[in-house]
1. Only one residue in A:CYS530, A:CYS547, A:CYS583 is surrounded by 15 or more Cβ atoms within 10 Å (Cβ to Cβ), over 30 Å from A:GLN419 (Cα atoms) and in contact with a helix residue (DSSP H, G or I) (Cβ under 7 Å, 6 or more places away or on another chain). Which one?
2. Does at least one position in the stretch A:253-271 carry a residue that is touching a helix residue (DSSP H, G or I) at 6+ places or on another chain (Cβ under 7 Å) and assigned to a helix (DSSP H, G or I)?
3. So A:MET423 clears everything in (1) under 25 Å from A:ALA345 (Cα atoms); (2) touching a Cys at 6+ places or on another chain (Cβ under 7 Å) except one condition, right? Which one?
4. For the stretch B:1-15, what are the residues that are more than 7 Å from chain A (Cβ to nearest Cβ) and either in contact (Cβ under 8 Å) with a residue 60 or more places away in the chain or surrounded by fewer than 13 Cβ atoms within 10 Å (Cβ to Cβ) (or both)?
5. Looking at the stretch A:446-510, what helices (runs of 4 or more DSSP H) fall wholly within it and have at least 3 residues that are over 26 Å from A:ARG579 (Cα atoms) and under 25 Å from the mean Cα position of the chain (by Cα)?
6. Just to verify a result, which residue in the stretch A:401-426, among those that are among the small types (Gly, Ala, Ser) and touching a helix residue (DSSP H, G or I) at 6+ places or on another chain (Cβ under 6 Å), is nearest to A:VAL352 (Cα to Cα)?
7. Would you mind listing the strands (runs of 3 or more DSSP E) fully within the stretch B:21-122 where at least 1 residues are of a type outside the set (Val, Ile, Thr) and in contact with a His (Cβ under 8 Å, 6 or more places away or on another chain)?
Amino acid sequence: MLENIHILICGGTECLGSKSKDIRFEFDRHLEKYGLLGEAKTVMTGCFGLCESGPVIVVYPDEVFYSHVQVGDVEEIVSEHILNGRPVERLRFKEPIDYKKIKNYSELKFYSKQKRIALRNCGSINPLDILEYIGRDGYLALGKVLTEMTPLEVIETMKASGLRGRGGGGFPTGLKWEFASKSIDDQKYVICNADEGDPGAFMDRAILEGDPHSVLEAMAICGYAIGSNQGYIYIRAEYPVAVERLRIAINQAKEYDLLGKNIFNSGFDFEIELRLGAGAFVCGEETALIASIEGERGMPRNKPPFPAVRGLWDHPTNVNNVETLANVPVVFLKGAKWFKSIGTAKSSGTKVFALGGKIQNTGLLEVPMGTTLREVIFDIGGGIPNKRKFKAVQTGGPSGGCITEESLDTPIDFDNLVQLGSMMGSGGMIVMDEDNCMVDVARFYLDFTVEESCGKCTPCREGTKRMLDILDRICEGKGTMDDLRILEKLGNMIKDTSLCGLGQTAPNPVLSTLKHFRSEYLAHVMDKVCPAGVCSNLTTFTVTDRCIGCTKCLKNCPVGAITGKVKEKHLINPDLCIRCGACKVSCPVNAITSKPVDWEGEQNV
Amino acid sequence: MKSLEDLKKLRDEAKRNMNMRHIKGGIRIQVGMGTCGIAAGAGLALKRLMDEIEENNLKNIFVTQVGCMGECAFEPIVEVIEENGSHSIYCQVSERMVDEIVEEHLMGGRPIEKYLLSARKR
């Protein structure tokens with residue numbers, strides 16, 4: 001199914017009106033004429049929403065859109081594009097400048113900019129039925145690997161693919177496997193890290209719920225490569241649906257002898273068991289995760305020795321993230337070269353992002369590495385709702401940093417994000433608009449890391465707590481300039497001296513907001529004002545001259561602090577106001593502001 | 001599984017079943033039952049769908065649950081795939097909408113444009 005060329009012809013009413021039926025007939029005729037019937041097939045679809053450009057035709061897997069296609073154009077498309085792989089430029093859909101003319105602009109972008117590898121089956125197969133996975137070439141990669149390749153070839157293929165760990169660090173997966181394979185021991189382990197702790201990321205859950213077999217298959221491939229016959233999936237008990245579906249998937253794979261003894265008659269045995277975690281953020285760190293599986297308290301330890309040398313129960317262990325593993329079968333089905341050709345030179349393949357926060361289309365999307373943040377947020381994500389202005393995007397969750405408007409055109413890959421002072425992390429993306437206070441955002445993430453710090457090393461245990469105290473003070477309006485200096489110094493110290501990734505990255509949200517939104521911190525400290533109107537102690541809402549006197553705010557105010565008449569500018573009584581912000585949300589013309597009169601912070605000092 | 005050939009045979013058979021090519025006029029309905037879908041009420045929609053199909057004695061309809069397709073903001077999502085390969089993705093499906101979809105689309109053969117993801121997503 002993956003190899004086939006699909007020619008999708010719009011069968012919406014409008015396109016039928018412009019002879020799309022005849023076009024299909026013509027396609028079928030020419031496909032037969034060129035002997036392409038086994039290669040390509042035509043499909044009539046529902047309306048694409050591009051009715052003005054109809055008849056519309058899309059050729060998959062190239063995702064080439066043709067518009068205004070005439071019956072006479074069909075032969076050229078078949079002979080040039082389908083047969084020779086050269087899209088007919090003349091007929092390709094050109095984005096009109098007036099976007100409003102396209103009925104479903106966002107949806108077109110939503111489809112055309114994505115490339116689904118890790119999510120290939122999510123949302124289109126039944127996760128409870130192994131046959132549906134097999135129907136999508138499932139376990140074919142495992143079969144190929146076991147019957148046709150040596151473990152060394154498997155590792156070389158992984159190295160050639162350039163796949164890097166999707167859990168955060170971005171370490172080359174092939175190298176990781178190589179290290180584990182070189183350790184000599186009778187017993188080795190494969191662990192799937194499904195402890196997705198980053199608030200705002202849910203791609204691992206989606207993969208495990210929607211396509212559990214792809215992870216099982218990849219674990220078996222890894223086991224064969226490194227010489228292990230036992231795998232563990234460490235998953236949080238907070239994901240009951242995923243746990244249940246994994247259990248069913250493992251049992252089904254055993255029934256079909258795709259797990260267990262002597263798989264594909266190759267003499268290779270592989271078993272997978274589940275281990276449930278209690279949902280501690282630190283257990284996403286591999287040494288803490290291993291400690292937790294062993295039944296110990298989930299705390300990291302010093303590296304080296306790396307798990308590839310001494311891991312679970314002191315045996316060599318390979319730990320991979322769910323999304324990384326979901327990519328593995330495709331690497332073997334389509335070849336390392338194909339995988340390497342997607343994305344950028346140093347980060348190949350795709351990345352799944354979980355879009356959340358102030359964004360039109362909350363959800364999951366998968367794009368090739370090198371796509372820009374602007375494309376992800378505005379084209380695929382649909383931009384910011386309620387006509388608010390984009391302010392920043394937080395990538396990498398509590399370990400990442402904020403990225404501002406001027407960096408939006410940076411192509412996303414592991415190295416670029418680190419350069420911007422953030423990180424890929426697991427791929428959570430929280431979008432923030434002008435109503436978000438960056439000091440408050442930093443405080444929120446720090447609050448999370450303070451809660452989740454395991455307490456083993458002092459910089460993380462004590463340092464993050466002190467930083468949080470300072471941020472609390474600033475938000476209450478009691479901050480001083482000295483506080484900002486200490487924040488920076490303390491943050492850098494924690495980064496340099498913490499034991500594990502949690503502590504080393506915990507100050508990132510504070511440091512990056514301090515860098516990019518210093519003016520907001522200064523407003524809190526010097527002017528005692530929260531420009532975004534979030535920190536209630538520092539907020540005064542006022543009505544500007546933009547007010548049209550619609551009385552909406554007046555009706556929405558829970559304490560009756562607003563007075564005014566229809567078509568006259570309203571007034572907020574600061575003594576009655578409880579700073580809930582209900583008026584600001586309800587205002588249709590954005591006339592209520594919490595910014596001081598001379599505020600110019602938007603320029604990001 | 002003892003050989004690659006066995007697997008390929010199984011795959012081809014599974015593929016045929018999934019494409020609903022084996023039944024004339026067969027319809028495959030996928031209900032998004034990831035955590036996002038379940039939280040938005042996909043369980044209710046799925047149950048209602050099964051009840052309605054049974055009550056109206058509809059044949060050749062295969063209802064299955066699938067994972068998250070990424071449009072979490074628009075769950076519950078019900079995707080109707082027909083024999084001709086057309087996909088109709090209904091979003092934010094309530095029980096009341098299920099009744100309409102069964103009546104109009106499954107029985108009447110007319111997809112309800114206004115409930116489609118493409119229409120709701122602006």
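1. Result: A:CYS583 is the single residue among A:CYS530, A:CYS547, A:CYS583 that is surrounded by 15 or more Cβ atoms within 10 Å (Cβ to Cβ), over 30 Å from A:GLN419 (Cα atoms) and in contact with a helix residue (DSSP H, G or I) (Cβ under 7 Å, 6 or more places away or on another chain).
2. Looking for residues that are touching a helix residue (DSSP H, G or I) at 6+ places or on another chain (Cβ under 7 Å) and assigned to a helix (DSSP H, G or I), one finds at least one in the stretch A:253-271, hence yes.
3. (2)
4. Within the stretch B:1-15, B:GLU5, B:LYS9, B:ASP12 qualify.
5. A:501-505
6. Looking at the filtered set, the residue picked out is A:GLY425.
7. Working: elements: B:27-32, B:61-66, B:78-82, B:87-90.
Ranges flagged: B:78-82, B:87-90.
Table: residues versus (1) modelled with pLDDT under 75; (2) assigned to a loop (DSSP other than H, G, I, E, B).
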| position | (1), (2) |
| --- | --- |
| A:LEU2 | yes, yes |
| A:GLU14 | yes, no |
| A:PHE27 | no, no |
| A:GLU32 | no, no |
| A:LEU36 | no, yes |
| A:GLY49 | yes, yes |
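The values are calculated or read from the model by the stated rules, or taken from the named source; none is laboratory data. What you are looking at is a predicted structure, and each value in this text was computed from that prediction instead of being measured. Glycine also receives a Cβ, built like all others from the backbone with ideal geometry; neighbour counts cover every protein chain displayed.
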